[in-house]
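Participant: Following this message is one structure expressed as structure tokens.
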Amino acid sequence: MKATRPEIEAYLNLLTQTSRRITKTTKGFEDARLKFRTVEQPWSVNDILAHLRSWVHTAISGIVSGICCTAQEIIGSAEKPVV
């Protein structure tokens with residue numbers, strides 16, 4: 001079952017806002033703090049954020065490329081149903 005237009009728009013909005021929220025949240029942090037790793041915690045904050053950004057980009061690309069709909073259906077007229 002494919003997502004409805006309102007669901008797609010909600011997901012795209014949430015995914016788009018994720019990168020902006022990450023940027024806003026980490027603004028002002030020193031690079032050393034963001035890149036700090038230990039043996040017990042091999043992923044730095046920067047690594048985790050990069051992974052999240054990559055996932056968001058992949059998710060948006062998947063939605064837009066037609067995994068659940070086509071790009072034209074997302075950006076097209078509101079009257080056109082998502083098939």
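Participant: Search the range 55-72 for residues being modelled with pLDDT of 70 or more and surrounded by 15 or more Cβ atoms within 10 Å (Cβ to Cβ), and hand back the single one that is nearest to residue 21 (Cα to Cα). If you could, list the steps in order and put the result at the bottom.
Facilitator: Residues of the range 55-72 modelled with pLDDT of 70 or more: 55-63.
Add one more test, that the residue is surrounded by 15 or more Cβ atoms within 10 Å (Cβ to Cβ), and what stays is 56, 59-60, 63.
Details: 56: 12, 59: 17, 60: 16, 63: 21 Å.
If we take residues in the range 55-72 being modelled with pLDDT of 70 or more and surrounded by 15 or more Cβ atoms within 10 Å (Cβ to Cβ), then 56 is nearest to residue 21 (Cα to Cα).
Participant: Give the number of residues within the range 36-54 that are surrounded by 12 or more Cβ atoms within 10 Å (Cβ to Cβ) and not in a loop (DSSP other than H, G, I, E, B).
Facilitator: Here the count works out to 8.
Participant: Same structure again: Inside the range 3-40, can you point out the residues that are polar (S, T, N, Q) and either touching a residue at least 12 places away in the same chain (Cβ under 8 Å) or touching a His at 6+ places or on another chain (Cβ under 6 Å) (or both)?
Facilitator: 4, 16, 18, 19, 26
The values are calculated or read from the model by the stated rules, or taken from the named source; none is laboratory data. In this text, all values refer to a predicted model and were calculated from it rather than measured experimentally. Counting neighbours? That spans all protein chains shown, and the Cβs are built from the backbone with ideal geometry, glycine included.
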